[in-house]
Amino acid sequence: QIQPTSRFKFLADLWYTTLTQEIFQATAGLDPQNLGHSIREGYDIEARYFVRQDNQGQASIFVNYTQIRATLTDQSPVAYVPNVPAYIVKIGSDADVPLGGENSPHRAGGQLYVEFIGKKNLTEDGMITTNPYQRISGRLFYGHQSGWTGFVDMIWYPSDRLSETAINFGNPINATPADIFVNPQAPFALMVGASYRFKTGG
């Protein structure tokens, strides 16, 4: 972690994990499958600049990148763990600030970001994959110190709406495009809601 100034933050890490039993479930309702031993390796990088940062609130812009490689080690030649994206890039901004002064009981903020999601292998041999796609997500909220919060969430798919949920119903190695079924996402979704946080002792 590198913090050259109070407003700029840079994070980076490498990771390597192993599983003795990689459990895969193509979709809800289908039986889980034990794919055997697996390895996941990759790295994460994030840069964030704080437009505002104090005890009362903050606002920032950020970009982060995750590179992922997930393989099954009990098979030769190389075999891939299905449905793991090759990379994820996220660019956006977030904020949480008081309204009407630092002692105000009112708060507002939210986040807005675009994700670039890389291809996912739908077969263990990597011969059939999804396409890279983009997803734009956002949230606006208003909160009161009494515990009430109101919010508006939105998701927009500006291009490919088929790659988010793609399921291989065929052989994990020798599947054909006819074995791949997709669940198209709505081009735009909006959700409005409210929540209440109960006070606890302590």
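The values are calculated or read from the model by the stated rules, or taken from the named source; none is laboratory data. As the structure is a prediction and not an experimental result, all values here were calculated from the model. As a convention, Cβ positions derive from the backbone with ideal geometry for all residues, glycine included, and neighbour counts pool all protein chains shown. Surface areas here come from the heavy atoms of the whole protein model, side chains and all, with no ligands, DNA or RNA. Shrake-Rupley method; radii C 1.70, N 1.55, O 1.52, S 1.80 Å.
Using Cα pairs under 8 angstrom and six or more residues apart, how large is the relative contact order of region 107-202, in percent? That works out to 27 percent. In µm²/s, what is D for region 160-202 at 4 °C and 1.567 mPa s, where D = kT/(6 pi eta Rh) by Stokes-Einstein and Rh is the Kirkwood radius from Cα pairs? It diffuses with D of about 90 µm²/s by this estimate. For residue 90, the lysines whose Cα comes closer than 25 Å to its Cα, not counting residues fewer than 8 places off in the same chain, are 9, 119, 120.
At a probe radius of 1.4 angstrom, the accessible area of the chain per residue rounds to 61 square angstrom.
Annotation for residue 23 and residue 174: the two label points, set 7 Å from Cα along the Cα-Cβ direction, are 3.0 nm apart.
The stretch between residue 47 and residue 75, if pulled fully straight at 0.36 nm per residue, gains 6.3 nm over its current Cα-Cα span.
With the dipole of the chain worked out from charges on the C-beta (+1 for Lys and Arg, -1 for Asp and Glu) around the Cα centre, which of 82, 149, 111 lies farthest toward the positive end? Looking along the dipole axis, the top candidate is 149. Straightening the chain between residue 67 and residue 55 buys 1.0 nm, computed as 0.36 nm per residue apart minus the Cα-Cα spacing.
Put simply, when 181-194, 71-84 are sorted by average Cβ atoms within 10 angstrom per residue, most first, you get 71-84, 181-194. Taking the Cα centre of the chain as reference, the dipole from Cβ charges on Lys and Arg (+1) and Asp and Glu (-1) amounts to some 720 debye. In the set (i) 1.11; (ii) 1.06; (iii) 1.28, the label that goes with Cα Rg over 2.2 N^0.38 Å computed for this structure is (iii). Counting only protein heavy atoms and using a 1.4 Å probe, the accessible area of residue 148 comes to about 140 Å².
Share of carbon and sulfur in the accessible area of region 85-168 stands at 59%, probe radius 1.4 Å. Dividing the mean sequence gap of close Cα pairs (under 8 Å, 6+ apart) by how many residues the chain holds gives a relative contact order of 13 percent.
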